[in-house]
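Visitor: Let me give you the structure first, and then I'll get to my questions.
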Amino acid sequence: MHVPDGLLDLKTASTTAALSVSALAVALRRLRLGLPRRRVPLMGLAAAFLFTAQMLNFPVAGGTSGHLLGAVLAVVLLGPSAAMVVMTAVLLVQCLLFADGGLLALGANVFNMAVVGVLGGSAVYRAVCRVLPGRRGLLAAAAFASWCSTLLASIGCAAELAWSGVVPWGLVFPAMTTIHMLIALGEAAITTLVIVAILRVRPDLVEPTGTSPDARALRLVAAFGLAATIGLLLFALPFASSWPDGLERVGQVLGFGPAAGGRPLPAPMAEYRLPGLGSATAATSAAGFVGTLVAFALACALAAALAPRASAGAPPDRRA
Amino acid sequence: MRHDFLDKWSRLDSPIHRAPAGLKLGLALATAVACVAVPLAHWWALVAIGACLALVAAASRVPPSFVLGRLLLLEPLAAGVALLSVFQPDGARVAVAIVVRSTLCLATMILLTSTTPFAELLRTLRALRVPALLVTVLALMYRYLFVLVDEAERMQRARRSRSFSGRRAHAWASLATLAGQLFVRSSERAERIYAAMCARGWR
């Protein structure tokens, strides 16, 4: 999902860079006020850990392999503000050390993966944690949040490509979301498995979610994340009506669609008057909704299968 | 253990390597902006940028095979977007533009990263007034990246030598355990590092 330079135009690159810098400034300010000094080295080490964890290849069918992205893992282990800074550090190093992700596109990459991915993921994580209490709830929340976070980041990426005029939204949105709905399943599974492994050894390292000293600030972050998510959806929905157009164009180019130019533009309101799932837009929206529900059910099932037994022994002694 | 897999060529000695990091960072950004902003009608400008990059690559003594290898490794996403963009009016032209522009930008970034040591980039970031916390996190991350990659390789070797199960579910579970263990170890290491930093007068 690392966008290289040369794809985004200047207006997209500068807008996303401004958004990322302001979000990052807020996160850094909150950390300066609230982060204990002894947690600073942990942030550096956590960034190095995420980078290393992304290099572990999990085998998928047919010789391909996937790897962790880690936004929600960072949220669960460090909290949203620190996660945002750590993800930014990872992206900066990938850009400046590996040439993975462009310099001009850095703002966009940080926005997708460190801002949208982290804030969206942490909002979903906190919301589900509140609904489903206990360790099983925590795992379900982490799984579902990492699924949502990956998907949201890919939608952000698609929106930027479309806004740059490189690819029409009607093409890039379905292509990116379909691929990333599957990639996100892997991300959810890996994140949950890693959290289970950490819970087994050092449950104290997983950030407690229930009672926190600055619940008001957390609620603020959650509200902002939720608002960003809803905003993104609102941003996405008007474009969703161009789906059939995009797909039709693919058909035309490949030579099995209706003749070019033969289809009159439908009135936008016509689709809303159709009952049931008459229009392609409604059908695709429904597909997205059902997909989300299925992902949530899968997250709950995964959590139920992986949750440690209630009689988990005391954590082993901690070395200072 | 290989400790140079990340920035293998950034410590060579050449005029390009000796140039100040801030200048190179600025030039790389300017090149990216130029590649994006130049309209396709002025294709000669893109050719000129390509020629300049080739000169820089030759002067930097970074092996061409390395640059080409990285290009091939990083190109797929741009190629995918180009493939998608074919399906629109005037798609072929857009696709060619995407491939040319992103290849030039990728070559710029590969040359920047393989001629500039990361420590100098950090110094530049600090001079650019990037917040101290972010620079500290970056510095710590760069310093311990090699240690953690080493540790992960050691753990993977240990796992391989003790188990030969080929089942995929088993591989996932053990890889995830490895990652979890790696985080536990890094957080314990962070505590020791904090103590060491305090002992040496970190304010």
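Visitor: Can you tell me which residue within the range A:190-199, out of those that are more than 13 Å from B:SER174 (Cβ to Cβ) and more than 7 Å from chain B (Cβ to nearest Cβ), is surrounded by the fewest Cβ atoms within 10 Å (Cβ to Cβ)? Talk me through it step by step, then tell me what you get.
Guide: As a first pass, look at the range A:190-199 and keep what is more than 13 Å from B:SER174 (Cβ to Cβ): A:191-192, A:195, A:198-199.
Imposing the further condition that a residue be more than 7 Å from chain B (Cβ to nearest Cβ) reduces the set to A:191-192, A:195, A:199.
Details: A:THR191: 30, A:THR192: 28, A:ILE195: 27, A:LEU199: 21.
That would be A:LEU199.
Visitor: Are any residues in the range A:132-145 more than 12 Å from the chain's Cα centre (by Cα) and either at pLDDT 90 or above or assigned to a helix (DSSP H, G or I) (or both), and if so, which ones?
Guide: Initial filter on the range A:132-145 (more than 12 Å from the chain's Cα centre (by Cα)): A:132-141.
Result: A:GLY134, A:ARG135, A:ARG136, A:GLY137, A:LEU138, A:LEU139, A:ALA140, A:ALA141.
Visitor: Then there is this: Taking the range A:25-41 as the search range and keeping residues that are of a type in the set (A, V, I, L, M), assigned to a helix (DSSP H, G or I) and facing another protein chain (nearest Cβ under 10 Å), which one is surrounded by the fewest Cβ atoms within 10 Å (Cβ to Cβ)? Before you say what the answer is, go through the steps one by one.
Guide: Kept after step one, since they are of a type in the set (A, V, I, L, M), are these residues of the range A:25-41: A:25-28, A:31, A:33, A:35, A:40.
Cutting the leftovers down to assigned to a helix (DSSP H, G or I) gives us A:25-28, A:31, A:33, A:40.
Add one more test, that the residue is facing another protein chain (nearest Cβ under 10 Å), and what stays is A:25, A:27-28, A:31, A:40.
Working: A:ALA25: 11, A:ALA27: 26, A:LEU28: 20, A:LEU31: 22, A:VAL40: 21.
Per the criteria, the residue is A:ALA25.
Visitor: Could you list, in sequence order, all residues of the range B:151-186 that are hydroxyl-bearing (Ser, Thr, Tyr) and under 25 Å from the mean Cα position of the chain (by Cα)? If you could, list the steps in order and put the result at the bottom.
Guide: Residues of the range B:151-186 hydroxyl-bearing (Ser, Thr, Tyr): B:161, B:163, B:165, B:174, B:177, B:186.
Listed by number, the list holds a single entry, B:SER186.
Visitor: With B:ARG189, B:ARG101 as the choices, which residue is within 8 Å of chain A (Cβ to nearest Cβ), under 30 Å from B:LEU71 (Cβ atoms) and basic (Lys, Arg)?
Guide: On the way: B:ARG189 fails: under 30 Å from B:LEU71 (Cβ atoms).
Just a single option satisfies the conditions, and that option is B:ARG101.
Visitor: Taking the range B:158-184, which residues are in a helix (DSSP H, G or I) and either of a type in the set (Val, Ile, Thr) or more than 9 Å from chain A (Cβ to nearest Cβ) (or both)?
Guide: Looking only at the range B:158-184, we keep the residues that are in a helix (DSSP H, G or I), and these are B:158-162, B:168-184.
If the condition is that a residue be in a helix (DSSP H, G or I) and either of a type in the set (Val, Ile, Thr) or more than 9 Å from chain A (Cβ to nearest Cβ) (or both), then B:ALA158, B:ARG159, B:ARG160, B:SER161, B:ARG162, B:ALA169, B:HIS170, B:SER174, B:THR177, B:VAL184 are the ones that fit.
Visitor: Go through B:VAL147, B:VAL130 for me and flag whichever is surrounded by fewer than 19 Cβ atoms within 10 Å (Cβ to Cβ), among the aliphatic types (A, V, I, L, M) and assigned to a helix (DSSP H, G or I). Break it down into steps so the answer makes sense when it comes.
Guide: Numbers: B:VAL130 fails: assigned to a helix (DSSP H, G or I).
So the residue among B:VAL147, B:VAL130 that is surrounded by fewer than 19 Cβ atoms within 10 Å (Cβ to Cβ), among the aliphatic types (A, V, I, L, M) and assigned to a helix (DSSP H, G or I) is B:VAL147.
Visitor: Now, a different point. Does B:VAL137 count as on the phi < 0 side of the Ramachandran plot, assigned to a helix (DSSP H, G or I) and within 7 Å of chain A (Cβ to nearest Cβ)? Talk me through it step by step, then tell me what you get.
Guide: Numbers: on the phi < 0 side of the Ramachandran plot: yes; assigned to a helix (DSSP H, G or I): yes; within 7 Å of chain A (Cβ to nearest Cβ): yes.
Yes; evaluated as a whole, the condition is true for this residue.
For every residue, the table says whether it meets (1) touching a residue at least 60 places away in the same chain (Cβ under 8 Å); (2) surrounded by 16 or more Cβ atoms within 10 Å (Cβ to Cβ); (3) more than 10 Å from every other protein chain (Cβ to nearest Cβ).
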residue: B:LEU23; (1), (2), (3): no, no, yes
residue: B:LEU29; (1), (2), (3): no, yes, no
residue: B:ALA45; (1), (2), (3): no, no, yes
residue: B:GLY50; (1), (2), (3): no, no, yes
residue: B:VAL62; (1), (2), (3): no, yes, yes
residue: B:SER65; (1), (2), (3): no, no, yes
residue: B:GLY69; (1), (2), (3): no, no, yes
residue: B:SER85; (1), (2), (3): no, yes, no
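Visitor: While we're here: B:ALA195 - would you say it is assigned to a helix (DSSP H, G or I), more than 7 Å from chain A (Cβ to nearest Cβ) and either in contact (Cβ under 8 Å) with a residue 12 or more places away in the chain or among the polar types (S, T, N, Q) (or both)? Even if it seems obvious, please write down each step before you answer.
Guide: Details: assigned to a helix (DSSP H, G or I): yes; more than 7 Å from chain A (Cβ to nearest Cβ): yes; either in contact (Cβ under 8 Å) with a residue 12 or more places away in the chain or among the polar types (S, T, N, Q) (or both): no.
So B:ALA195 does not fit the description; no.
The values are calculated or read from the model by the stated rules, or taken from the named source; none is laboratory data. Since the model is a prediction, treat every value here as computed from it, not as a measurement. Cβ atoms come from the backbone with ideal geometry, glycine included; neighbour counts cover every protein chain shown.
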